[in-house]
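Trainee: Starting off with a structure, shown below.
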Amino acid sequence: MPTEPMTTPDVGADRPRRWEYPALVALGVAVVLVLGLTIFLTNRSDSDESAASEQDAERTAQVQAFLDAWAASQMSDDPSGLAKFVDNAAAPGVLEAEIRRATAAGALDFSDWGYEIPSGGLTPAPRTGAPDGDVEVWNAQVLFRYALDGVDALPTRKAVSMTLAKRGDQWSVLADGSIVGLDGARTAGESWNGPWDFGPLAVAENTARNALVIGHPGQQAFVDALAADVDSAIENTTQLWGPWWSERAVLMVAGSSEEFTALVGSHHDGASIAAVSVADATTDGSSDVSGQRVVFSPAAASRLTDITRRTVLRHELMHIAARSKTRDGSPMWVLEGFAEYAGNRGSSRAWGEIAPTLAAAVRAGDTPTEFPDDTQFGGVPVVSSLAYESAWSVNAYIADRFGEAKLTDLFRALASGKMTAEDLDSRIRAVLGVGTEELRLGWVDWTDSHLG
């Protein structure tokens with residue numbers, strides 16, 4: 001907002017003018033000197049900033065060219081060529097780890113593989129422990145970009161931290177935060193890891209369904225089983241959701257708890273869950289979703305039967321299909337209940353087998369009378385199991401009474417984020433023709449009659 005110009009108070013007007021004029025002259029000289037100095041400093045500052053900006057842009061361009069060559073070498077038929085990109089002062093094992101990663105990744109076909117250095121991604125590194133000699137050391141916050149051929153319509157980008165050395169005009173790798181040691185330990189730092197960072201890969205393709213399953217040696221039987229399951233799982237998902245999704249799938253089987261955490265985040269416990277679906281963040285209103293993966297825990301192969309393996313896959317694929325229409329904060333009984341219904345859709349199992357915890361509660365005369373609260377989907381296993389099974393039963397009841405098309409319409413209406421109870425009731429009424437209370441009472445009666 002513009003401000004009023006400053007004025008000098010009119011003081012001392014009754015003083016002799018012989019004192020006033022010299023003061024004004026002195027003031028005028030001072031103003032000229034100050035203004036001149038200000039202009040000089042401003043011009044100098046602008047010049048310095050411009051030069052620094054040009055240096056930053058040139059340096060970033062050099063690093064980008066280096067990273068392009070680095071990525072091309074990783075994807076070459078001879079990963080030993082990476083040696084010329086790794087600095088002689090790099091810690092022991094860095095080159096070997098880079099070659100292991102590139103060799104493992106060679107089991108897959110990529111339509112894109114590269115690195116991007118964003119503006120501001122380079123910062124000077126502390127010289128403690130830095131290489132000797134005339135060398136600059138820089139920390140680089142890089143985006144690793146990749147897409148799997150035939151299954152990824154869009155590339156996904158993951159954050160990777162690196163330390164680079166600059167000797168003259170030559171850049172090289174000093175440290176890579178995404179390196180995983182032979183013991184499975186990850187280098188400290190905020191770096192994403194892919195399955196190729198955890199050793200050789202066991203791969204199975206389902207080319208008819210544009211699906212890919214990635215695991216490790218020793219998991220081949222489970223990997224092959226998942227590849228065979230994909231046909232019916234994708235068909236099941238499309239039948240319920242419609243053709244408005246990619247109808248493609250990338251499944252990953254973690255070989256260790258460290259790998260599972262790296263792929264899905266530390267907020268998921270691979271010891272207690274079989275699989276998780278993940279994706280990159282989406283923009284509201286956008287139907288484009290990248291980085292969609294179904295990641296199975298290392299314990300999944302031993303914990304799942306043939307039937308439950310297919311159920312879990314169908315559940316997670318429904319999350320994948322609905323991801324572009326799903327917003328955080330939506331009722332969990334909608335999000336998880338719909339996926340559970342998709343997972344068990346057409347199952348030959350009795351309803352008491354699908355929902356054993358809920359069936360036991362009903363037989364004990366303790367039928368749930370409220371839709372499960374969001375807080376119940378986690379924590380204590382029995383509470384969580386009851387929440388998931390109750391959510392399944394709500395969705396199964398809606399499909400039974402109103403039809404699957406209405407169930408899918410209701411999911412689309414309710415998966416849009418947080419809402420008030422009034423808004424929830426309004427949306428349910430608009431899709432089903434009944435309000436929340438009538439839906440709840442009908443579900444309780446249905447549960448009693450079907451699981452009692």
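The values are calculated or read from the model by the stated rules, or taken from the named source; none is laboratory data. A quick note: this is a predicted structure, and the numbers were derived from the prediction, not measured. No Cβ is skipped: glycine too gets one built from the backbone with ideal geometry, and neighbour counts run over all protein chains shown. Quick note on the areas: whole protein, heavy atoms, side chains included, nothing else; ligands and nucleic acids left out. Shrake-Rupley method; radii C 1.70, N 1.55, O 1.52, S 1.80 Å.
Trainee: Being closer than 28 Å to PRO298 by Cβ, among the hydrophobic types (A, V, I, L, M, F, W, C), touching a helix residue (DSSP H, G or I) at 6+ places or on another chain (Cβ under 9 Å) and modelled with pLDDT under 95: is that true of TRP196 here?
Mentor: Taking the combined requirement at face value, the residue does not satisfy it.
Trainee: Report whether or not HIS315 is modelled with pLDDT of 95 or more, open to solvent by 30 Å² or more (accessible area, probe 1.4 Å) and not polar (S, T, N, Q).
Mentor: Here the answer is no, as HIS315 does not meet what is asked.
Trainee: Six or more apart or on different chains, Cβ under 7 Å: which pairs go from a residue in region 219-243 that's hydrophobic (A, V, I, L, M, F, W, C) to one that's open to solvent by 70 Å² or more (accessible area, probe 1.4 Å)? Could you list them?
Mentor: Cβ pairs passing all conditions: ALA227/GLU205; ALA233/ARG310.
Trainee: May I pose another question? Does LEU386 satisfy the criteria of being in a helix (DSSP H, G or I) and open to solvent by 50 Å² or more (accessible area, probe 1.4 Å)?
Mentor: yes
Trainee: Would a scan of region 151-162 turn up a residue that is touching a residue at least 60 places away in the same chain (Cβ under 8 Å), among the hydrophobic types (A, V, I, L, M, F, W, C), crowded, with 17+ Cβ neighbours inside 10 Å and within 17 Å of ASP176 (Cα to Cα)?
Mentor: Checking region 151-162: not a single residue is touching a residue at least 60 places away in the same chain (Cβ under 8 Å), among the hydrophobic types (A, V, I, L, M, F, W, C), crowded, with 17+ Cβ neighbours inside 10 Å and within 17 Å of ASP176 (Cα to Cα).
Trainee: Might you let me know whether region 327-334 holds any residue that is within 21 Å of the chain's Cα centre (by Cα), hydrophobic (A, V, I, L, M, F, W, C) and surrounded by fewer than 23 Cβ atoms within 10 Å (Cβ to Cβ)?
Mentor: yes
Trainee: Still on this model: Give SER324, SER290, SER330 a once-over and let me know the one that is in contact with an Asp or Glu (Cβ under 9 Å, 6 or more places away or on another chain) and part of a loop (DSSP other than H, G, I, E, B).
Mentor: SER290
Quick grid of which residues meet (1) modelled with pLDDT of 95 or more; (2) open to solvent by 70 Å² or more (accessible area, probe 1.4 Å); (3) closer than 30 Å to PHE198 by Cβ:
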{"position": "GLU58", "(1), (2), (3)": "no, yes, no"}
{"position": "GLN74", "(1), (2), (3)": "yes, no, yes"}
{"position": "PRO79", "(1), (2), (3)": "no, no, yes"}
{"position": "ASP109", "(1), (2), (3)": "yes, yes, yes"}
{"position": "ASP112", "(1), (2), (3)": "yes, no, yes"}
{"position": "GLY129", "(1), (2), (3)": "no, yes, yes"}
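Trainee: Quick one: SER348 ticks every box in (1) part of a helix (DSSP H, G or I); (2) under 20 Å from LEU240 (Cβ atoms); (3) open to solvent by 70 Å² or more (accessible area, probe 1.4 Å); (4) hydroxyl-bearing (Ser, Thr, Tyr) except a single one, so which number is it?
Mentor: Answer for SER348: the failing condition is (1).
Trainee: Related question: Checking THR420 against (1) of a type in the set (Ser, Thr, Tyr); (2) closer than 21 Å to HIS315 by Cα; (3) surrounded by fewer than 15 Cβ atoms within 10 Å (Cβ to Cβ), which test does it fail?
Mentor: Checking THR420 against (1) of a type in the set (Ser, Thr, Tyr); (2) closer than 21 Å to HIS315 by Cα; (3) surrounded by fewer than 15 Cβ atoms within 10 Å (Cβ to Cβ), the one that fails is (2).
Trainee: Filter region 410-433 down to residues that are within 18 Å of TYR341 (Cβ to Cβ) and assigned to a loop (DSSP other than H, G, I, E, B), then give me how many there are.
Mentor: The qualifying residues number 1.
Trainee: Which of the residues that make up region 397-417 are touching a residue at least 24 places away in the same chain (Cβ under 8 Å), out of contact with any Leu (no Cβ under 9 Å at 6 or more places or on another chain) and open to solvent by 10 Å² or more (accessible area, probe 1.4 Å)?
Mentor: Of everything in region 397-417, those that are touching a residue at least 24 places away in the same chain (Cβ under 8 Å), out of contact with any Leu (no Cβ under 9 Å at 6 or more places or on another chain) and open to solvent by 10 Å² or more (accessible area, probe 1.4 Å) turn out to be ASP400, ARG412, SER416.
Trainee: Please specify each residue of region 84-95 satisfying the condition of being exposed (fewer than 13 other Cβ atoms within 10 Å of the Cβ) and assigned to a helix (DSSP H, G or I).
Mentor: If the condition is that a residue be exposed (fewer than 13 other Cβ atoms within 10 Å of the Cβ) and assigned to a helix (DSSP H, G or I), then LYS84 is the only one that fits.
Trainee: Which one of the conditions (1) of a type outside the set (Ser, Thr, Tyr); (2) under 17 Å from the mean Cα position of the chain (by Cα); (3) open to solvent by 10 Å² or more (accessible area, probe 1.4 Å) does GLU205 fail to meet, given that it meets all the rest?
Mentor: It fails just one condition, (2).
Trainee: Let me ask you something else. If you scan region 201-225, which residues turn out to be in contact with a His (Cβ under 9 Å, 6 or more places away or on another chain) and in a helix (DSSP H, G or I)?
Mentor: Scanning region 201-225 gives a single hit, VAL223.
Trainee: Any idea how many residues of region 226-259 are surrounded by 19 or more Cβ atoms within 10 Å (Cβ to Cβ), assigned to a helix (DSSP H, G or I) and out of contact with any strand residue (DSSP E or B) (no Cβ under 7 Å at 6 or more places or on another chain)?
Mentor: 7
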